[in-house]
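The values are calculated or read from the model by the stated rules, or taken from the named source; none is laboratory data. Just so you know, these numbers come straight off a predicted model, no measurement behind them. Don't worry about glycine lacking a Cβ; one is built from the backbone with ideal geometry, like all the others, and counts go over all protein chains shown. In case anyone asks, the SASA skips ligands and DNA or RNA and just uses the protein heavy atoms, side chains included. Shrake-Rupley method; radii C 1.70, N 1.55, O 1.52, S 1.80 Å.
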Amino acid sequence: MAVNHYDTIVIGAGHNGLVCASYLARNGKRVLVLEAADVCGGLAATHEFHPGFNACVAQYASHLPRRIVEDLKLADYGYQPGRLDLIGLSPGATPLRLSDANLNGAASADLEAYRDYHRLVDKLAQMFQPFWQKTVPPIGNNSLPEILAFAQLGFKIRTLGKEDMQEFFRIIALPMYDLLDEYVSSPLLKAMLSWDGLIGTKQAPRSPNNSVLHLLYRLQGSADVCVNVPGLVNALSGAAEAAGVEIRTGAPVARIQIEATPGQTSDVTQLAATGVVLENGEQITASQVISNADPKTTFLTLAGAEYLDIEFTNRIARYRDRGMVSKLHLALDGLPAFSGVENPDGRLLLAPDVETIEWAYDNAKYGELPEQPVMELMVPSLHNTELAPAGQHVLSANIMYTPFEVRDGGWTETSRAALLESALTVLEAYAPSIRSQVLGAQLLTPQDLENTYRVSGGHWHHGDFALDQLIMMRPTHGAAQYTTPISGLMLCGAGTHPAGDLTGLPGFNAAREALK
Amino acid sequence: MSQYDAIIIGAGHNGLTNAAYLAKAGLNVLVVEKNDYIGGAAVSRELHEGWVYSNCSYVCSMMRQSLHRDLDLSRHGLMLVPYLGTVNFADNGDTLLSYHSEAAAYNELKRISRHDADAMFRIQTDLTRYSQVIRKTLLRTPPDPTSFKPRDIHELLFLAKEFWSLGEKELYEYIRFFTLSAADFLDEYFETDIVKTSMAGAGIIGTALGVYSPGSSYILLHHVMGDVDGSIGAWGLARGGMGAISNAIASALQSYGGEIRTNAPVERILVKDGKASGVALSNGDVLNADIIVSNLDARRTFTQIMEKEDLPPGIYEKAANYKIRGSSGKVNIALSGLPKFNNVPDNPYVNRGGQAFSGSLETMERAYDCWKRGTWSDDPFIEGVIPSAWDPTVAPPGMHWMSNFIQYCPPELADGPWTEEKRDQFGQTVIDKIERYSPGFKDLIVHMEVRTPWEIEQEVGLTEGNIFQGELTIDQLLFNRPFPGYAQYRMPVKNMYMCGSSTHPGGGVSSACGANAAREILMDLRRPNTVPEDDCYDE
């Protein structure tokens, strides 16, 4: 066997790729991680966007379950859990601060309503928790694992009790707009509570069917937030290398090598992944190739439709993964002063009500730029002083909703400048002196993310969080249990169950399947 | 002593159906109706001498065939006539005609796009197949998933079996209906906007969702699962207007000995010792009955004609939270002649179909954006039909009437409630748009009735003028309709039931809600069931 042969090649050193590789290496596999960029992290990687100022590309907080943190001993490599409050701002109103179960600044009626809301939502989030950490078998063929999985889910739902069970069946499909309308009255609180059901995906407050599940998914790991993402990525790559994983950066994969081998049980030839070819022509062989790239990139670019059956290819082609979030990084010469906020150490939401969110979405659905963008932002340099020169700060904002393709001309200098300008105008309404503090700015549109980070559609979650693209259907049936129609080729990215955000769960689940 | 075995509030088609089946089982029933005419939203009204408008619902496809035949509605005067294809008008003046004849439909589509002509076969086959599963649930009572009663478990297993028997691949495709927008769904089949648009209207009619809203593809399915006497997907008209349906059911009811009292608005449902005992009419009359059935929508039933104290805790709030949004308007027009439309061949076939002024997907979606902002679009989606083209009983000789259904129309405007002036402006918007496609249209107008959600609520009694008595979204379908725990027609107060479209299977002139409720009532009374099972056609 060639020296250059690995048990497993993981394509992409995003956080899921690193988690997956670490688990495999810890189980004795010889693992190589290939990363196209010069640094690890994928969309969680840190880069210098202005001299002396660094920021994380797409993410600024992680929600790794404790289990992964402990298994990989991430604390030994510098991982530190933190806390992240959600601070809601509305011009002229007292800011609201939400810290898990505690809500500060709200009227007493809303406090009570929030308690009821939180109790229910938290209970449902707990119920789902185990399902994010397991492989959900395919449905419709009455297999034993299928029956067991659904029996477990059925049992879990039963144990909610009659009333909560009824509420579960009803609210799971509600739009955030309706759900929150039933509970709270403060427009700002509604916007804050709806945000986590919407962020990153093609959903507006009035869109039914998907957002509550998304919210429950986002809530599952709230106990283990890490706000220092560069630290997390270092810990993950440190832990991976300590486990024996070989990581090669600057090594973009051109394609996955696929060979036809005679079938084991029939005459039909089977296709098997046997390694990868790098863009520089180098070939590396492996018994198993696990792709941390998104489904479209993996199947249509790296593997090739010629190796897939037409129905599967169609399903991948129609997979909805056009991102709607742009990232704005600002280099600031001091701490930004948001009116009414003493310490901007949380996630600041600049969306005064759900209507404003809805109107921003309405613009984007036609390919227009939002007239009044809504955004969440953080000052990551408060949590990691290395990101900016002493006394200076980085502001990192996720702007919703920005179209992947701007109508009539696409993303041009003009449209980028227009978005930057409207974002600054919104920021100014909350932090009046911010414009004078700006030393430099970087705007990353979904298209930039696609081009720079090789993520199809520039989608944060590697695909919309929608009922038909979730659980045993993520990314699509036939590839939703981490294996793919091509033997030896597996998926471990956010385009698999349970989905996006910095949770490490797709990588964790994929590693378990790869070791089977 | 009770005067009646059962009183049904509201003489809409579901109330009449419910009463008919109870009367058929030998009960002494009375239907009370607030208006001086029966039918609720399935009515024919002569608002201008010589013209009979179906001034609310205007076409029919959900009517359950087994009920139609069981109640012998044809003998009671009902005649359903399938209507021919629809002409779609695009923003740029293009038209697309749909035909019943597959060959004709294919040729017309091919004129636009060969690809889409082929895709139309696929989508029709797929939609028909998917609708089979739902069709089977229409005349069944939804199970309570929280219950351990054998009947509920049996029904749950029935549902599971029906869905699972779709098979792995189909099941995945099916789930997509509940999350895809109508536009996304149609994108997967078609390449041209006009063909997509021609299909998209069904995804938004009557609902507060847009063609780009996730879940609107289910509404599309809801609108294609109907049939005209077994011909799935077909749409029909009732000869003499939609009131002919109500009148036929009423006639069946009377033949079984049931009574109907019009001009009898109910002020209160009377509750004694936690049991419904009768109704108080607004003229002061009190009528007692062993059973009270409300055909009103869930919001109106619990928040308007019941005392909050009579309800168990939480029900009032559930009713107040019930999603029942006014989103549609109606403009009924008496015409002195048959209008001519641009780019449409002048043949009798085309004139006997509908006219969908849909524009484009974006035009439709922008109309929805206006609704969200509490206004109406100056370029709304209009579905028109000219029933007089093949029903000579609804207009004087040589003259016609046109029904126009407008999506969207807000229940209340951002700058305040509807006024007569604003209503007339809304009507003007509609005829201006039609005039664009039919020059000279306005000169034909003899009389015009404009109905916003406000008028529909005032006259018919539907909250916000919602034609389905509640949104058809997952949170309000099947065992969630109208609210979880009360989907089996029995209401939180003993001896009280609901039989309107707020219950499973939801809106549409189907009579299914009324019949299902009757079956449950008779079961509680330990009387033999008089309600037939559905005829399901597997294609």
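Key figures
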| quantity | calculated |
| --- | --- |
| Residue match in the range B:375-389 (condition: assigned to a helix (DSSP H, G or I) and within 14 Å of chain A (Cβ to nearest Cβ)) | no |
| In the range B:159-182, the residues that are over 18 Å from residue B:357 (Cβ atoms), surrounded by 24 or more Cβ atoms within 10 Å (Cβ to Cβ) and of a type in the set (Gly, Ala, Ser) | B:181 |
| Residues that are farther than 23 Å from residue B:220 by Cβ and aliphatic (A, V, I, L, M), drawn from the range B:471-499 | B:487, B:491, B:493, B:496, B:498 |
| Residue match in the range B:304-317 (condition: closer than 20 Å to residue B:462 by Cβ and polar (S, T, N, Q)) | yes |
| Matching option when the condition is touching a Ser or Thr at 6+ places or on another chain (Cβ under 7 Å) and within 14 Å of chain A (Cβ to nearest Cβ), among B:471, B:533 | B:471 |
| All positions within the range B:142-158 that are surrounded by 12 or more Cβ atoms within 10 Å (Cβ to Cβ) and more than 13 Å from every other protein chain (Cβ to nearest Cβ) | B:151, B:155, B:158 |
| Residues that are open to solvent by 10 Å² or more (accessible area, probe 1.4 Å) and either in a loop (DSSP other than H, G, I, E, B) or not hydrophobic (A, V, I, L, M, F, W, C) (or both), drawn from the range A:368-387 | A:368, A:369, A:371, A:372, A:380, A:383, A:384, A:385, A:386 |
| Residue in the range A:179-191 that is nearest to the other protein chains (Cβ to nearest Cβ), counting only those that are open to solvent by less than 10 Å² (accessible area, probe 1.4 Å) and over 17 Å from residue A:90 (Cα atoms) | A:179 |
| Subset of the range A:42-58 [on the phi < 0 side of the Ramachandran plot and open to solvent by 20 Å² or more (accessible area, probe 1.4 Å)] | A:43, A:46, A:47, A:48, A:49, A:50, A:51, A:54 |
| Given (1) open to solvent by less than 20 Å² (accessible area, probe 1.4 Å); (2) over 20 Å from the mean Cα position of the chain (by Cα), index of the condition residue B:338 fails | (1) |
| Filtered residues of the range A:388-413 (kept if within 14 Å of chain B (Cβ to nearest Cβ) and either of a type in the set (Val, Ile, Thr) or surrounded by fewer than 22 Cβ atoms within 10 Å (Cβ to Cβ) (or both)) | A:407, A:408 |
| Any hit, the range B:2-10, residues being modelled with pLDDT under 95 and either surrounded by fewer than 21 Cβ atoms within 10 Å (Cβ to Cβ) or closer than 22 Å to residue B:263 by Cβ (or both) | yes |
| Pick from the range A:474-484, criterion surrounded by fewer than 24 Cβ atoms within 10 Å (Cβ to Cβ) and within 14 Å of chain B (Cβ to nearest Cβ), ranking: nearest to residue A:401 (Cα to Cα) | A:476 |
| Lone unmet requirement of (1) open to solvent by 20 Å² or more (accessible area, probe 1.4 Å); (2) assigned to a loop (DSSP other than H, G, I, E, B) for residue A:76 | (2) |
| Conditions (1) in contact (Cβ under 8 Å) with a residue 24 or more places away in the chain; (2) touching a helix residue (DSSP H, G or I) at 6+ places or on another chain (Cβ under 6 Å); (3) not charged (D, E, K, R): number failed by residue A:49 | (2) |
| Failed item, numbered, when residue A:92 is tested on (1) open to solvent by less than 10 Å² (accessible area, probe 1.4 Å); (2) more than 27 Å from residue A:224 (Cα to Cα); (3) in a loop (DSSP other than H, G, I, E, B) | (1) |
| Answer from B:163, B:121 - the residue that is more than 14 Å from chain A (Cβ to nearest Cβ), closer than 30 Å to residue A:475 by Cα and part of a helix (DSSP H, G or I) | B:121 |
| Subset of the range B:124-141 [open to solvent by less than 20 Å² (accessible area, probe 1.4 Å) and not in a helix (DSSP H, G or I)] | B:137, B:138, B:139, B:141 |
| Any hit, the range A:415-428, residues being surrounded by 23 or more Cβ atoms within 10 Å (Cβ to Cβ), modelled with pLDDT of 95 or more, in a loop (DSSP other than H, G, I, E, B) and touching a helix residue (DSSP H, G or I) at 6+ places or on another chain (Cβ under 8 Å) | no |
| From A:336, A:295, A:370, residue being in contact with a helix residue (DSSP H, G or I) (Cβ under 8 Å, 6 or more places away or on another chain) and over 28 Å from residue A:456 (Cβ atoms) | A:336 |
| Test result for residue A:459, within 14 Å of another protein chain (Cβ to nearest Cβ) and closer than 30 Å to residue A:298 by Cα | no |
| Residues located in the range A:304-356, provided they are crowded, with 17+ Cβ neighbours inside 10 Å, of a type in the set (Gly, Ala, Ser) and part of a loop (DSSP other than H, G, I, E, B) | A:323, A:346, A:351 |
| Those residues of the range A:152-173 which are within 12 Å of chain B (Cβ to nearest Cβ) and either of a type in the set (Ser, Thr, Tyr) or farther than 29 Å from residue B:321 by Cβ (or both), in sequence order | A:159 |
| Selected residue (criterion: modelled with the lowest pLDDT) from residues of the range B:511-539 that are part of a loop (DSSP other than H, G, I, E, B) and in contact with a strand residue (DSSP E or B) (Cβ under 9 Å, 6 or more places away or on another chain) | B:539 |
| Single match in A:439, A:443, A:467, A:449 (criterion: buried (at least 18 other Cβ atoms within 10 Å of the Cβ) and either over 20 Å from residue A:203 (Cβ atoms) or free of Cβ contacts under 8 Å to residues at least 40 places away in the same chain (or both)) | A:443 |
| Qualifying residue in the range A:31-41 (condition: outside any loop (DSSP other than H, G, I, E, B) and open to solvent by 10 Å² or more (accessible area, probe 1.4 Å)) | no |
| Output for the range A:107-150, where each listed residue is among the acidic types (Asp, Glu), crowded, with 17+ Cβ neighbours inside 10 Å and touching a residue at least 24 places away in the same chain (Cβ under 8 Å) | A:110 |
| Members of the range A:192-214 that are closer than 24 Å to residue A:64 by Cβ, away from every other protein chain (no Cβ under 14 Å) and over 13 Å from the mean Cα position of the chain (by Cα) | A:192, A:193, A:195 |
| Failed item, numbered, when residue B:437 is tested on (1) crowded, with 21+ Cβ neighbours inside 10 Å; (2) touching a helix residue (DSSP H, G or I) at 6+ places or on another chain (Cβ under 9 Å) | (2) |
